[in-house]
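Structure, as structure tokens:
Derivation of every value follows stated rules applied to the coordinates shown; laboratory data play no part. Fair warning: this is a prediction, and the values are worked out from it, not measured in the lab. Every residue, glycine among them, receives a Cβ derived from its backbone with ideal geometry; neighbour counts consider all protein chains shown.
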Amino acid sequence: MEREEIETIFGRLQPGQSVYIRLQNRDLDGSQQKGTLMVVKVEGKLSVSTAMLYPNPAYDQIYIEMSGSTKVLVTLLSNTGEVMLVDIPVESGNSLDISGIASGIYTVIISDTESSRTESIRLVK
């Protein structure tokens with residue numbers, strides 16, 4: 001399912017409605033895995049995520065995209081809140097080297113430099 005299809009489906013939902021979804025994970029080597037079936041219930045205004053980070057889990061590089069943006073700022077926080085990288089400029093769709101960071105669970109904060117959009121994604125390294 002493409003992003004446009006997802007936005008169309010979720011854009012039609014009203015508060016109180018639910019939809020069942022199952023995400024499919026695709027790694028860079030082409031392998032695929034089906035995720036757990038989830039129920040998404042709209043409780044207020046719906047916002048479709050526009051940021052992507054892959055691969056996840058990652059080893060030495062991550063690719064970051066934010067629809068409608070050409071440049072983003074990336075901040076990486078450890079699970080204890082320690083700032084590992086701060087305001088690293090990345091062209092949307094390009095990679096960021098994380099080889100010097102220890103294995104663990106991180107929060108990646110992606111900020112659009114052209115608007116006020118900010119999104120957080122959990123990263124496993």
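Amide H to amide H, with H built 1.01 Å from N, residue 123 comes under 5 Å of 106, 107, 108, counting only residues 5 or more places away or on other chains.
Close amide H partners of residue 98, meaning residues 5 or more places away or on another chain with modelled amide H under 5 Å apart, are 61, 62.
Each peptide among 91-99, 57-65, 26-34 gets the average number of other Cβ atoms lying within 10 Å of its residues, and from highest to lowest they stand as 57-65, 91-99, 26-34. Note the full-extension length gain between residue 37 and residue 101 as 0.36 nm times their separation in residues minus their Cα-Cα distance, in nm to one decimal. Stretched fully, the residue 37-residue 101 segment lengthens by 19.8 nm. For the stretch 70-83, backbone phi angles converted through the Karplus equation (6.51, -1.76, 1.60; θ = phi - 60°) give residue-by-residue couplings of 9, 10, 10, 9, 10, 10, 10, 10, 6, 5, 9, x, 5, 7 Hz, Gly and Pro being listed as x. Computed extension gain for residue 26 through residue 60, at 0.36 nm per residue and net of the alpha carbon distance, reaches 10.5 nm. Take the Cα of residue 122, step 7 Å toward its Cβ, do the same at residue 80, and the gap between the two points is 2.0 nm.
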